[in-house]
Amino acid sequence: MTQHDDYSALVATLSLRDKVTLLTGASGFTLAPCDRIGLGEVRLSDGPTGVRGLKFFGGRTVALFPNATLLASAWNEESAYEVGRLLAEEAMAQQIHVVLGPTVNLHRSLLGGRLFESYSEDPLLTGRLAAAYVRGLQDSGVGACLKHLVANESETERNTMDSVVDEATLRELYLLPFEIAVAESDAWSVMAAYNNVNGVPATEHQHVTNDIVKGEWAYPGLVMSDWFATRSTAPAANAGLDLVMPGPDGPWGAALVAAVAAGAVAEPVIDEHLRRLLRLADRVGALGRPRQYPADLPAPDSAPRREQLRRLAAEGMTVLTNRDTTLPLQRGRTVALIGRHAIDTVDMGGGSAGVNPPYQSSVAEGLTALLGDAVTVVDGVEVRTRPVPARGGFLTDPENGRPGVRFTLLAADGSVIKERHGAGAATMVGTDDEFDETVAGIRFRARINGTGRVEVGAIGVGRWQLTVGGRAVRYDLKVTGHGFAEEVLTPPAEVTEVEVTGGELVDGTVVLPSGGGGPLAGAGLYGIVARAAPRGADEVIAEAVAAAARADVAVVVVGLTEAQETEALDKTTLHLPGRQDDLVAAVAAAARATVVVVNAATPVIMPWRADVDAVLWAGLPGQEGGYAVAAALLGDLEPAGRLVDTFPVDDARTPAWSVTPVDGRLEYTEGTFIGYRGHWAGKAPAPAFWFGHGLGYATWEYGEPELSRDDDCATVTVTVTNTGTRGSREVVQVYFEPAEPDQPVRLVGWRNVSAAPGESVPVQVRTDPRLWRRWDSGAGAWARLSGAGQLLVARGLGDVRCTIKLNP
């Protein structure tokens, strides 16, 4: 690192044009170097569940981590720090300077498609875990980026919608995780969101960025735009945005130079932006002498990484119900493992959080590895609502016989630009391209490994001609209006069923659309669909019931897919897709004991929850997911997680529901009463499972709590005793229910503790002073709450163990 105080001397050596060049990205994920001042290239990467690198698609192989809600469900700041440290290793292996995470937006409505990338519905839990994650990254010299500032809790019309939020709600709820992470970890960068906030684009929001973040919080770091989010030149520059991404084109460049010349932006404003950028570059080792990177970092599929990812995934898995201690499963019993998610476990969500992992494991692989022939695996009903590229070796490259597809990229005159093998069945064009010519078409060739009825088809915008075993089909696939970057994030698809005998060649060509506008014009994801055609649900359910009746215990794995948990689209329901509920009900009626594993990052409706013996929520568990689920089911690793969302009893039975703007506006009318806060206040019915709920594999007794108070907050001390038969981890939670009727109950502190069977451990929980205040909109300032009300010492709000009355 250099020794500059404010970097003004370096800034003074540059022309205005040079300064502006540095404030717009040089490419999709890099910032421009400047030899004159010793500034090297700064490299950024998406990072919530893995450090993808500089390519949006098809980059190097990297580790796939459990998703954010699963990691958060451990309620463990030490684990969050470890995740940051491991992600820093993944970044350093690629010489990445800044990881674009964590995501600290809250789970306002459970319909939000991108909730799997963020931590929880609670601002304190989110902020404290994010701060620990940031420290883990930055202690290794890799910058973090808090995102997305602010009120960016849903995907519908995300680039144009206006989040209408009153000032008290904005400060007490949605800004609070950012405030905590800035105060406790000094995150080196923050990302401004796509949406408007109270009528003003987030990338040009003077009140949020300059007044609050850089002013009140005295934040010294850099504020960058989300990709293609900046809509203006002078307003964005004047309102505190420091960096426009991506580059090299954008709304700044020559336009910003002209704005300074015209007096619309003062040059000292540009200088301040550049000082912040140089501070970031200095912190990450890109200013002055280039940093040195370790040479012995673990590979993504190394034994250390496998152990870490398996342990972290299992730690957040949550036992929701467990009648008669059905879990952990006993070795020596026969198991019928049922469900499409058991065979094709969903280990990550969709969109920009996706990475290219060395492998993804299924529950079938994991449980069979531990129990061998005691496991019978049975497919389940169809779960997908949108086709996906072929996977699992169903297609092989006809040139080399390896799993995957042969891609040929074509110019407008039909000449070959590039031919390559793809281990997957999809490729991206228009981003990360390094060709002199524009890709105008793509040819796909592969052989089918399956036989019988096969579903084949195409994914991607364009005119398709597909030949399978002599049969030709044509598709004209167009965007469907899902919004910004649909061609990349949620491309259209169409499929056809054909009969094959095995070894048939799939030969397809797509002509890409020409022209068009917008920042991602010409970009798109293209792939071939190929899989065994789905069987009728009644036949599949009958087969599952027969297997369940023969086994000692049935384990049914259900869940969501990338179609529901993805960037760019919100959900329309919390019910499981397809006939998964019917499958569970039928199995539960036939089996001696039934365990349901929920492979989803966010809450789902469980109409069968009282009819099964145990429910394990498993999130999107990353590349070691199948092995982690198996270890959790058998108790080799304890699933001691606690819920980070409140699970409602049905759709719309929540305090906040709709994510669809009306005339462009999405009004946060529920105020600060989201999630458990609204349920507790009676603004929604009692839920199926409360925030903070989780049984683990032990039982616990709580002693009488003791309270001490000071000027800032309160500290609760309570002794907990493990009354179970195995060592376990407890999460002691403390909530404050203010006497003021317009103030919701809120989590004010928690503490993890581990204890052996029969062991008693004193636990001290110091509450956070930021949760003992309210925003006084009349005065425009923070005010202390009266302090009257009660403290709830709990194992989740559905299991309050002690109540402490408070006087003002």
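Observations on the structure shown:
- Beta bridge orientation in the chain: antiparallel %, DSSP, nearest 5: 70
- Region 543-683: relative contact order in percent, alpha carbon pairs under 8 Å with at least 6 residues between: 21
- Reference-scaled alpha-carbon Rg (2.2 N^0.38 Å with N residues) for region 648-763: 1.36
- Cβ-derived FRET efficiency at R0 45 Å, Arg726 paired with Asn210, nearest 0.05: 0.25
- Put a dot 7 Å past the Cα of Arg323, heading toward its Cβ, do the same for Thr438, and the two dots end up 6.3 nm apart.
- Förster radius 25 Å - calculated FRET efficiency between Val511 and His421, Cβ distance, rounded to 0.05: 0.65
- Positive-end extreme of charge dipole, the chain - chosen from Leu137, Ala686, Trp775 (charges on Cβ): Leu137
- Principal axis box of the chain, alpha-carbon based, largest edge first, Å: 80, 80, 54
- Arg592/Arg535 FRET efficiency (R0 25 Å; Cβ-Cβ; nearest 0.05): 0.45
- Taking a point 7 Å out from the Cα of Ala756 in the direction of its Cβ, the residues of region 699-734 whose backbone N falls within less than 16 Å of it are 721-729.
- Leading residue at positive end of dipole, region 429-488 (Cβ point charges), from Phe435, Phe484, Gly457: Gly457
- Compactness index (Cα Rg / 2.2 N^0.38 Å), region 739-794: 1.56
- For region 115-236, a simple Cβ point-charge model (Lys and Arg +1, Asp and Glu -1, everything else neutral) yields a dipole of about 380 debye relative to the Cα centre.
- Label-point separation in nm, Asp301 to Glu184, each point 7 Å along Cα→Cβ: 3.7
- Charge tally around Lys214: other residues with Cβ under 11 Å, Lys/Arg +1 each, Asp/Glu -1 each, net -3.
- Counting only protein chain heavy atoms and rolling a 1.4 Å probe, the accessible areas of Asp613, Asp282, Asp711 rank, largest first, as Asp711, Asp613, Asp282.
- Accessible-area order (highest first, 1.4 angstrom probe) of the listed residues Trp775, Trp75: Trp775, Trp75
- The fraction of accessible area contributed by carbon and sulfur in the chain is 48 percent, rounded to a whole number (1.4 Å probe; ligands and nucleic acids excluded).
- Among Tyr735, Tyr81, Tyr702, the sequence by solvent-accessible area, most first, with a 1.4 Å probe is Tyr81, Tyr702, Tyr735.
- Arg311-Leu370 pseudo-label distance in nm [points 7 Å out on the Cα-to-Cβ vector]: 1.6
- With DNA, RNA and ligands ignored, accessible area of Lys683 (1.4 Å probe; Å², nearest 10): 120
- Here region 48-92 and region 112-152 have alpha carbon centers that stand 12 Å from each other.
- Point-charge dipole on Cβ atoms (K/R +1, D/E -1) for the chain, about Cα centre, debye to 20: 820
- Thr566 sits among other residues whose Cβ lies under 13 Å from its own Cβ, and their net charge, with Lys and Arg +1 and Asp and Glu -1, is -2.
- Summed side-chain charge close to Phe29 - residues other than Phe29 whose Cβ falls under 12 Å, Lys, Arg +1, Asp, Glu -1: 0
- Solvent exposure of Lys571, expressed as accessible area, is near 10 Å², computed with a probe of 1.4 Å over the protein chains only.
- Charge dipole (debye, nearest 20) of region 668-808; +1 at Cβ of Lys and Arg, -1 at Cβ of Asp and Glu: 240
- 1.4 Å probe accessible area per residue over region 268-346, in Å²: 41
- Per residue, the average separation of C-alpha pairs within less than 8 Å and at least 6 apart gives the chain a relative contact order of 15 percent.
- Of the GluC sites (Glu not before Pro) found in region 358-405, those in coil by DSSP whose Cβ has at most 14 other Cβ atoms within 10 Å are Glu399.
- Pairs beyond 27 Å (Cα-Cα), from Lys683/Lys805; Lys147/Lys571; Lys214/Lys571; Lys19/Lys214; Lys147/Lys418; Lys571/Lys683: Lys214/Lys571; Lys147/Lys418
The values are calculated or read from the model by the stated rules, or taken from the named source; none is laboratory data. Remember, predicted model here, so these are calculated numbers, not experimental data. Cβ sites come from the backbone with ideal geometry, for glycine too, and all protein chains shown count toward neighbours. The protein model used for the area step is the full one, side chains on, heavy atoms only, and it has no ligands, DNA or RNA in it. Shrake-Rupley method; radii C 1.70, N 1.55, O 1.52, S 1.80 Å.
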